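Structure first, then comments.
The values are calculated or read from the model by the stated rules, or taken from the named source; none is laboratory data. Just so you know, these numbers come straight off a predicted model, no measurement behind them. Please note: Cβ atoms are built from the backbone with ideal geometry, for glycine as well, and neighbour counts cover all protein chains shown.
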Amino acid sequence: MKAVYITEHGDVDVLTYGDVPEPEVGPNDVKIRVRACALNRLDLYTRAGARGTRVRFNGPHILGGDVAGEVAETGSQVNRVAVGERVVVNPRITCNQCRFCVAGQEEFCSDAGMLGSSVSGGYAEYVSVPAVNAFHISDSLSFEQAASLPTVFLPCWTILMRKAKLKPWETVLIPSASSGVGTAAIQVAKNVIGATVITTTSTEEKANKARQLGADHVINYNTEDIARRVKEITGGQGVNVVLDHVGADFWPAAMASLAVGGRYGICGVTSGYKAELQMGLMFLRYQTVFGVFMGRKEDLRQIVELAGRGTIRGIIHQTYPLEDAAKAHQAMEAVKFFGKLVLTVG
Ligand SMILES: [Zn+2]
């Protein structure tokens, strides 16, 4: 089959388009004919071998976790998914056997991995995944749309719906509206919960797109003081919830913007992972800080359900044919996009 793979870590030029053997299908797996695979920053880290993503190369490694396509083959033990079914993949692969998985707390799985990072993924015509990771998608959802959901919506869903329990009468601060996570978080906060959404971005063009997505207030972080603007907008109260996928650069302003009783969820540290915490203020203000990596399979089922109804949608900036994966990586590195970059597989 055709695939884009790497045999060593490095720059975009390590991405190679060529022929590799089709993946094997274990008894509990499904083989998916990939139609779309969305990029994530994790793809860039894995390509470079950065941030704990070094691959033990044992032949070509295929990147890509956010896959949508049609089931081409099912393992002997699989009875929940049928050949020909349109599906999207939860890229977080758990063992389904440890005490956390058995208890329904699969996000704590002690033997978990990520499709495309710890095992070969979806920059290919076919990918094999555990059947429990494949979710039926409605005909109203395109493969490109479906592929752009999992990795950006799962942490947002976990933070806003399950952990912070953002309420319709509350206000949430979401940095970097143009990123995949930003576009997802704005929609969950506004379209699903109905909360007031404050977001940040760098240009007026991106600010307009953020407003179209549902943001009530957009702060230009290049020209405005985030904490001061949040105070103005909230009448001095601050925000009830912060959904931080940016990390170090955003932390000081966001913590200064957090209300009494506020909840601060972290699901990414693209700008850096060390920050200073004012513990005294934190306990006086009854604040909570917590981390989230992805989410549960049930979270993705709910996300896919609402995407099928049109309540939320993947925001696609541009699609590229599989063989142009390197161009897509360059575009992501250049940070000139609003939403997801998606590879299509013909
Ligand atoms: Zn487990």
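Somewhere in segment 60-76, is a residue at pLDDT 95 or above, within 16 Å of the ligand (Cβ to nearest atom) and not in a strand (DSSP E or B)? No, segment 60-76 contains no residue that is at pLDDT 95 or above, within 16 Å of the ligand (Cβ to nearest atom) and not in a strand (DSSP E or B).
Taking into account only those residues within segment 88-127 that are surrounded by fewer than 20 Cβ atoms within 10 Å (Cβ to Cβ) and within 17 Å of Gly75 (Cβ to Cβ), which is farthest from the chain's Cα centre (by Cα)? Filtering segment 88-127 for residues that are surrounded by fewer than 20 Cβ atoms within 10 Å (Cβ to Cβ) and within 17 Å of Gly75 (Cβ to Cβ), the one farthest from the chain's Cα centre (by Cα) comes out as Gln97. Against the list (1) assigned to a strand (DSSP E or B); (2) farther than 25 Å from Val89 by Cβ; (3) not assigned by TED's automatic domain parsing to the domain that holds Asn191, the condition Thr319 fails is (2). Across segment 110-127, the qualifying residues are those that are among the hydrophobic types (A, V, I, L, M, F, W, C) and touching a Leu at 6+ places or on another chain (Cβ under 8 Å), and the one among them that is modelled with the lowest pLDDT is Met114.
Taken over segment 85-109, the residue count meeting the criterion of being in contact with a Leu (Cβ under 9 Å, 6 or more places away or on another chain) and either within 27 Å of Arg47 (Cα to Cα) or not assigned by TED's automatic domain parsing to the domain that holds Ile6 (or both) is 6.
If you go through segment 91-116 and keep only what is within 17 Å of Gly65 (Cα to Cα), touching a helix residue (DSSP H, G or I) at 6+ places or on another chain (Cβ under 9 Å) and more than 10 Å from the ligand (Cβ to nearest atom), you end up with Pro91, Arg92, Met114, Leu115, Gly116. In the set (1) touching a helix residue (DSSP H, G or I) at 6+ places or on another chain (Cβ under 9 Å); (2) in contact (Cβ under 8 Å) with a residue 40 or more places away in the chain; (3) more than 30 Å from Arg33 (Cα to Cα), Ala256 fails one condition alone, (2). Counting the residues of segment 228-254 that are surrounded by fewer than 18 Cβ atoms within 10 Å (Cβ to Cβ) and hydrophobic (A, V, I, L, M, F, W, C) gives 1. Close contacts from segment 279-299, counting a first residue that is under 24 Å from Pro155 (Cβ atoms) and in a strand (DSSP E or B) and a second that is among the charged types (D, E, K, R) and modelled with pLDDT of 95 or more, with Cβ to Cβ under 7 Å and a gap of 6+ residues or different chains, come to Thr288/Arg263; Phe290/Lys163. For segment 319-340, filtered to residues that are at pLDDT below 95 and either aromatic (Phe, Trp, Tyr) or touching a Leu at 6+ places or on another chain (Cβ under 8 Å) (or both), the residue that is surrounded by the fewest Cβ atoms within 10 Å (Cβ to Cβ) is Glu333.
Is there a residue in segment 126-146 that is touching a His at 6+ places or on another chain (Cβ under 9 Å), touching a residue at least 24 places away in the same chain (Cβ under 8 Å) and either within 16 Å of the ligand (Cβ to nearest atom) or in the same structural domain as Tyr45 (by TED's automatic domain parsing) (or both)?
So far as segment 126-146 goes, no, none of its residues is touching a His at 6+ places or on another chain (Cβ under 9 Å), touching a residue at least 24 places away in the same chain (Cβ under 8 Å) and either within 16 Å of the ligand (Cβ to nearest atom) or in the same structural domain as Tyr45 (by TED's automatic domain parsing) (or both).
Across segment 209-224, the qualifying residues are those that are in a strand (DSSP E or B) and of a type outside the set (A, V, I, L, M), and the one among them that is farthest from Ala195 (Cα to Cα) is Asn220.
A single entry from Ile159, Ile186 fulfils the requirement of being within 15 Å of Phe338 (Cβ to Cβ), in contact with a strand residue (DSSP E or B) (Cβ under 6 Å, 6 or more places away or on another chain) and in a helix (DSSP H, G or I): Ile186.
Looking only at segment 72-84, decide whether some residue is touching a Leu at 6+ places or on another chain (Cβ under 8 Å) and among the charged types (D, E, K, R).
Within segment 72-84, not a single residue is touching a Leu at 6+ places or on another chain (Cβ under 8 Å) and among the charged types (D, E, K, R).
The set of residues in segment 234-251 that are in a loop (DSSP other than H, G, I, E, B) and in contact with a Pro (Cβ under 9 Å, 6 or more places away or on another chain) comprises His245, Val246, Asp249, Phe250.
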